[in-house]
Amino acid sequence: MAPSEPNAIPFRAKGELPNFAEELEGWKGYIEWEKYPEKKKQVEDILRNYDFPDPPEFQMVPLPSTNPILTGERFKQYHYACGLRDIVDISWQYVLKEKSPDMIHVLQFPYNGEPPRDRLVETEITTNQDFFVRNHGGVPEIDADKFFLEIGGLVNDPKQLTLADLQNEALFPRQSNVVSLQCSGTRRIEQIHEYPGDGDELINAPWGEGAIGTARWTGVSLKRVIKHCGGLRDGARHIELLGADTYFKKGKVYNYAVSVPWRKVKVHEVLLAWEMNGAPLPRIHGSPLRAVVFGYIGARSVKWLYRINALVEPSAAPVQRREYLYYTPQVGKQNALYSNGTSIQDMPVSSAIMAPRDMDTIVHAGRMKLRGWAYSGGGHWPVRVEVSGDGGSIWYEVPYEQMSTKYFHAWRLWEIEMPVDAEGWLELCVRTWDNALNTQPTFVRSTWNWDLHVTSSCHRVKVYSINRSKPATAARLKLLEEKGLSVTPITKPLELDLEPDEQFEAAMKLRAGRDPIE
């Protein structure tokens, strides 16, 4: 195999590149694969002829200090080989256009990005520019006035509905909900640092704590759309959702597809949304139409939604059947099967400290301010958040008035002035309890799984505590201020003696010296 990024061999076409025509006028970047097995076979033959770069090794070695952290050379070259280079370039332009300029680009293509830690918890509703992105392919450009949604499979009356049809309130009452979406890879970096795992070709991106966001989504309940199509027939129990993006897996090509059970749909917890925080969906978030599945793993909330199928069994598509699986700790490369993993649906209770950051130095006067988020999926909500300054022995409850609004399907932001007496290195951690009294495992090891999903253990950060309520510390800080010196970084030696000789000798007398008398 070729070397992995960042030293991947440049792409070199083997012969004339194919031209897979776009399917529909006004649907730029969309290629239909699922209806044309002969096209899928052609792609398999093309990909088989190339020696693509290895997936990058970023678990056993330090992560690059660049932004983008990873560039996705392997996935880019899949697209290049199939004549789809434009999709790669266009997708990055939408990142630059629609996302905040200081986003953390975890993976350039397919784009995975999260906002700066502290800003994420400044507002209860995440701005569109700061909302995390986890894409599985490129960004299609579909004109809203040319768009239509196909509803088929095991429904009594299959239909095509335009966006105008879906927005017609005489046909479909609108629904608006505040819902958090969370990637199952949130906080994956903690598992990677302690116990590396699967290096999937799509790249199990090294997410931090920012792969979660909360928005007010507006659209129509999928249940109402299915009812408009005459309801289900022949024992259909699952609803397949297909996105217009192109997706590669193990040498094959697909349109992105997953499914959700009918029981989720029939309680109006699957929304077909065209609006995000009062504005039309951004391109990078699925314009003109996406699914929002309440309380489920973010991967089920399909972007660029263009087809819906009612099925008897869950979708056989690879994202549903072969990915987003949670394995026991004794399953790994040596014995992992698709069938011995649990499919991730409801997101478990979780939380994170967003400020201070790991390895920060905190100067305080006996109380340290912590801020973060807390979330529980599946229709649960956080009722209590607790923080600890000693790694989890003594816990302090966040006052209820310092937690944000309760929603059935959204996070709560929190902050607390935690009592801190100790100085030196401290391990801060947080845990959340939801309304069913579910809480978080104590250690990362308890939640480790081969695919590195759902890091739901207590989130921990190490900080260096400098408590200026201590007389000696206060005196040192005053001296440094007078001399124009800083106490940070703590690893930089002081440019002055720690104490004069007279003070040292007086202290030694009080301590009876350093040596015993006999």
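The values are calculated or read from the model by the stated rules, or taken from the named source; none is laboratory data. Computed from a predicted model, the values in this text were never measured in an experiment. Don't worry about glycine lacking a Cβ; one is built from the backbone with ideal geometry, like all the others, and counts go over all protein chains shown. Only protein heavy atoms, including side chains, enter the accessible area calculation; ligands, DNA and RNA are left aside. Shrake-Rupley method; radii C 1.70, N 1.55, O 1.52, S 1.80 Å.
What the table below lists for this structure:
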{"quantity": "Ordering of 134-142, 383-391, 232-240, 508-516 by burial proxy (mean other Cβ atoms within 10 Å per residue, highest first)", "calculated": "134-142, 383-391, 232-240, 508-516"}
{"quantity": "Degrees between helix 471-482 axis and first principal axis of the chain (Cα, 0 to 90, nearest 10)", "calculated": "80 degrees"}
{"quantity": "Net charge contributed by nearby residues that have their C-beta within less than 10 Å of Gly286 (K/R +1, D/E -1)", "calculated": "+2"}
{"quantity": "Lysines whose Cα lies under 17 Å from that of Lys470, excluding same-chain neighbours fewer than 8 positions away", "calculated": "Lys478"}
{"quantity": "10 Å binning of all Cα-Cα separations within segment 120-175, expressed as whole percents from 0 upward", "calculated": "17, 27, 36, 18, 2"}
{"quantity": "Using alpha-carbon coordinates, inclination of helix 501-510 to the longest axis of the chain, degrees", "calculated": "80 degrees"}
{"quantity": "Restraint check, Lys369/Lys483; Lys264/Lys303; Lys35/Lys249; Lys28/Lys76; Lys14/Lys76; Lys97/Lys250, Cα-Cα greater than 20 Å", "calculated": "Lys369/Lys483; Lys97/Lys250"}
{"quantity": "Apportionment of accessible area to carbon and sulfur, segment 231-383, percent (1.4 Å)", "calculated": "50 percent"}
{"quantity": "Those trypsin sites (Lys or Arg not before Pro) in segment 458-496 that DSSP places in a loop and that have at most 13 other beta carbons within 10 Å", "calculated": "Lys483"}
{"quantity": "Mean separation of Cα contacts under 8 Å (6+ apart) over length of the chain, as relative contact order %", "calculated": "13 percent"}
{"quantity": "Space enclosed by the convex hull of the alpha-carbon atoms of segment 347-464, per residue, Å³", "calculated": "100 Å³"}
{"quantity": "Selection from Leu281, Gly213, Pro356, by position along the positive dipole direction of the chain (Cβ)", "calculated": "Leu281"}
{"quantity": "Dipole in debye (nearest 20) - segment 101-200, about Cα centre, beta carbon charges: Lys, Arg +1; Asp, Glu -1", "calculated": "100 debye"}
{"quantity": "Leu498 accessible area, assembled protein chains, probe 1.4 Å, Å²", "calculated": "120 Å²"}
{"quantity": "Average accessible area per residue (Å²) across the chain - probe 1.4 Å, nucleic acids and ligands excluded", "calculated": "45 Å²"}
{"quantity": "About the Cα centre, charge dipole magnitude for the chain (Lys/Arg +1, Asp/Glu -1 at Cβ), debye", "calculated": "1460 debye"}
{"quantity": "Using alpha-carbon coordinates, inclination of helix 85-98 to the longest axis of the chain, degrees", "calculated": "50 degrees"}
{"quantity": "Placed amide H near Val383: partners under 5 Å, 5+ positions off or other chain", "calculated": "Trp433, Asp434, Asn435"}
{"quantity": "Qualifying trypsin sites (Lys or Arg not before Pro) in segment 3-78, DSSP loop, other Cβ atoms within 10 Å at most 12", "calculated": "Arg12, Lys14, Lys35"}
{"quantity": "Percent antiparallel among DSSP beta bridges (both partners in the chain, rounded to 5)", "calculated": "90 percent"}
{"quantity": "Radius of gyration and Dmax over the Cα atoms of segment 29-84, both given in Å", "calculated": "14.9, 43"}
{"quantity": "Environment charge at Gln402 (Cβ cut-off 11 Å; Lys +1, Arg +1, Asp -1, Glu -1)", "calculated": "-1"}
{"quantity": "Convex hull projection area averaged over all views, the chain, Cα basis, nm²", "calculated": "30.7 nm²"}
{"quantity": "Cβ-based net charge around Ile517, under 14 Å, with every Lys or Arg adding one and every Asp or Glu removing one", "calculated": "+1"}
